[in-house]
Amino acid sequence: MINAQPIGLFDSGVGGTSIWAAIHDLMPYEDTIYLADSKNAPYGLKTKDQIIALSMKNTEYLLSRNAKIIVVACNTATTNAIKELRAKYDVPFIGIEPAIKPAVLHSKTQKIGILATKGTLSSELFNKAVELYHETVIIEQIGHGLVELIENGKLNSPEMTKLLHTYVDPMMQQGIDYLVLGCSHYPYLIPQLREILPPHIQIIDSGQAVAKQTFHVLKEKAGLQNPTHVGKTEFYSNSNPQVLSDILNNQYTTSYLDF
């Protein structure tokens, strides 16, 4: 079934573009609309009710643009709001959660680290996932300030390097061999993390898994675009669109949207 409607994605800011990139790489023929709610970032410090309200607002904009599927490209929004979104709207939703399972299955030390937002680590959905792996030592760390630095264009700043050392050095000392990134902003930190972490510590993010799940759901439920189509992309931010443009290496047009 051919469906020419676009894929809609939203995040609390620019970080979900890491998810968009994985989807675009897998399905370059699909049109996409990306919504960065940077004005309200970070979601990780907000209440569950606030996160649900913002997620519904973002969803309704994307549905007004005729999105055939909504990718919640934000760990905090997924773990706090996706149940409510699926109950309210008649469109498939794809969520993003920390990739705990592959880390646990492949860990030799049975010690893994998770770097995520407060909103994700304190959510019911996340804690249910952790309970499944009680034989593994899971070291949780809230990434205080990381999203704010990325949203303010300070990805490669001394402040960022200092914060990352503060968060991952104790994990290394405790013997982790996997670091799970539990926020869609954090894949942009991988180059710096690779400089800090020894080579044997693997870094896992959810981008490729989310892209594959999006493809599967489109194929089974909503329909894929014609594979000969050249996909168009639209990027919107309700804060400074230049930050969004910079994270995309200025390869795409980014527009301000008052929402």
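The values are calculated or read from the model by the stated rules, or taken from the named source; none is laboratory data. All values reported here derive from a predicted model rather than from experimental measurement. Virtual Cβ from ideal backbone geometry, glycine too; neighbours counted across all protein chains shown. Each accessible area value is taken on the protein alone, full model and side chains, heavy atoms only, with ligands, DNA and RNA left out. Shrake-Rupley method; radii C 1.70, N 1.55, O 1.52, S 1.80 Å.
Quick look at the numbers
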read-out	value
Difference of contour (0.36 nm per residue) and Cα-Cα distance, ASN156 to SER255	33.3 nm
GNM flexibility winner over the chain from PRO92, PRO28, PRO158 (Cα, springs under 10 Å)	PRO158
Residue-normalised accessible area of segment 153-259, expressed per residue, 1.4 Å probe, Å²	52
Value of relative contact order over the chain, rounded to a whole percent, pairs C-alpha under 8 Å and six or more apart	29
Cut-off under 5 Å, modelled amide H: who pairs with ILE69 long-range	GLY8
Crossing angle, helix 17-26 versus the chain [Cα axis fit, 0-90 degrees, rounded to tens]	70
Accessible surface of segment 58-124 [probe 1.4 Å, protein heavy atoms]: carbon and sulfur percent	48
Positive minus negative residues near ASN58 (Lys, Arg vs Asp, Glu; Cβ under 9 Å)	-2
Net charge, LEU244 excluded, C-beta distance under 13 Å - Lys, Arg +1, Asp, Glu -1	-4
Cα-based shape type of segment 123-259, given that a ≥ b ≥ c are square roots of the gyration tensor eigenvalues and the cut on a/c is 1.5	oblate
Residues whose placed amide H lies under 5 Å from that of GLY182, excluding near-sequence neighbours	LEU115, ALA116
Cα gyration tensor shape of segment 121-182, rounded if a/c is under 1.5, else prolate or oblate by comparing a/b with b/c	oblate
Between 0 and 90°, nearest 10: helix 48-64 axis offset from the chain longest Cα axis	30
Chymotrypsin sites (Phe, Trp or Tyr not before Pro) lying in DSSP loop within segment 48-124, provided at most 16 other Cβ fall within 10 Å	TYR89
Of all DSSP beta bridges in segment 1-130, antiparallel share, percent nearest 5	0
